[in-house]
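S.K.: Once you've had a glance at the structure underneath, I'll fire off some questions.
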Amino acid sequence: RRHARCGGQGYLSVNRFGTLLGFAHAGMTAEGDNRVLMQKVAKELLGMASWPKYRERWGSAQAAPVPPLAVITSGTGLDALQALRALLAVREARAFEALGKAMAGAKAGFFDEWMKRQSDTVQAAALAYAEREVMEAVVASLGARVPNRDAPPSPALANVVTACGVVYGLACVERDLAWYMGQALLPLQASTAIPDAVRASVMALGPSAQRIVEGFGIPDHLLAAPIAADWERYNRVDNKGELLGAFV
């Protein structure tokens, strides 16, 4: 099914999905699932909830006014990023608040409560922390100097980074849209405005997609597969599905 998401090319062994999946599975984190690390992140952060750094940050996030929906869905500029960061910050704060209350009122032992009753709450809190951290890094990269460079990002680079950050932030909010609306953080209109904004932001980012991929600097010899090259040309003739040659 995962291969099929890449179209018909995803079924062909010539595109090396099988080999790469084997490597990816072997390279995954402890016990084969990075969700294990979410447990550790949530436990560490919950233990530091009384520290001034976290108490003040989570308190400020909850006290801050909710950005207007029009700004959240504007799709461009630093204002949209700041608005999305505020939403992710309040999600993190309330997620850890809920987890702390649940564990404080636990009637069973810590392990049973944490692993068997609050597993979803634990995962949600850790994920909220990670997503807020990502958005903080995006905003910081636009306001600070880029590592190993003497000047801030160029306007063109800043526009691409902003667009990527907006797509990411909107996608996070869309996934948890029911939660945001249930918490009265977003109005009813968000039920259509947020998904529409996600689609519009993805469309706006589309023209830059190829340059973004090229920015990773992946050598051509590592992309020796039709799906990573001119696959339209590859499909013009019958390659029997598995041949590498002139049409790759």
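The values are calculated or read from the model by the stated rules, or taken from the named source; none is laboratory data. None of the values given here were measured: they were computed from a predicted structure. Glycine gets a Cβ as well: all are built from the backbone with ideal geometry, and neighbour counts include every protein chain shown. Protein only, heavy atoms only, side chains kept; ligands, DNA and RNA dropped before computing areas. Shrake-Rupley method; radii C 1.70, N 1.55, O 1.52, S 1.80 Å.
S.K.: So for the chain, what percent of the C-alpha to C-alpha distances run longer than 31 Å?
M.R.: Above the 31 Å cut-off, the chain has 42 percent of its Cα pairs.
S.K.: Where the accessible area of the chain is counted over protein heavy atoms with a 1.4 Å probe, how much of it, in %, is carbon and sulfur?
M.R.: 60
S.K.: Also: What whole-number value in Å² describes the accessible area per residue of the chain for a 1.4 Å probe?
M.R.: Here the per-residue accessible area is 61 Å².
S.K.: Just how large is the dipole of the chain about the Cα centre, in debye to the nearest 20, putting +1 at every Lys and Arg Cβ and -1 at every Asp and Glu Cβ?
M.R.: 340
S.K.: Could you tell me the largest-minus-smallest coordinate of the C-alpha atoms of the range 69-110 on each of the three principal axes, in descending order and whole angstroms?
M.R.: Result, largest extent first: 48, 14, 9 Å.
S.K.: Helix 52-63: angle to the longest alpha-carbon principal axis of the chain, degrees 0 to 90, nearest 10?
M.R.: Computed tilt is about 90 degrees.
S.K.: Per residue of the range 212-229, what does 6.51 cos²θ - 1.76 cosθ + 1.60 with θ = phi - 60° give for ³J(HN,Hα)? Whole Hz please, x for Gly and Pro, Karplus curve as stated.
M.R.: 5, 5, 4, x, 6, x, 6, x, 4, 5, 7, 10, 6, 8, x, 5, 9, 10
S.K.: Where the convex hull is taken over the Cα atoms of the range 7-117, what is its projected area averaged over directions, in nm²?
M.R.: With the hull built on Cα positions only, its mean projection is 11.7 nm².
S.K.: While we're here: Against the longest principal axis of the chain, how steep is helix 190-205, in degrees 0 to 90 to the nearest 10, with axes from Cα atoms?
M.R.: 40
S.K.: Shifting gears a bit: Mind ranking 91-97, 113-119 by how tightly packed they are, going by the mean number of other C-beta atoms within 10 angstrom, highest first?
M.R.: Per-residue Cβ counts within 10 Å, averaged per peptide and sorted highest first, yield 91-97, 113-119.
S.K.: Give me the tail of P(r) for the range 70-189 as a percent: Cα-Cα pairs with distance above 19 Å.
M.R.: That fraction is 54 percent.
S.K.: I'd like the FRET efficiency for A158 and D120, computed as 1/(1 + (r/R0)^6) with the beta carbon distance as r and R0 of 35 Å, rounded to 0.05.
M.R.: 0.40
S.K.: Also: Which whole-Hz ³J(HN,Hα) couplings does the range 177-183 yield from phi under the Karplus relation 6.51 cos²θ - 1.76 cosθ + 1.60, θ = phi - 60°, glycine and proline marked x?
M.R.: Using θ = phi - 60°, the values come out as 4, 4, 5, 4, 6, x, 8 Hz.
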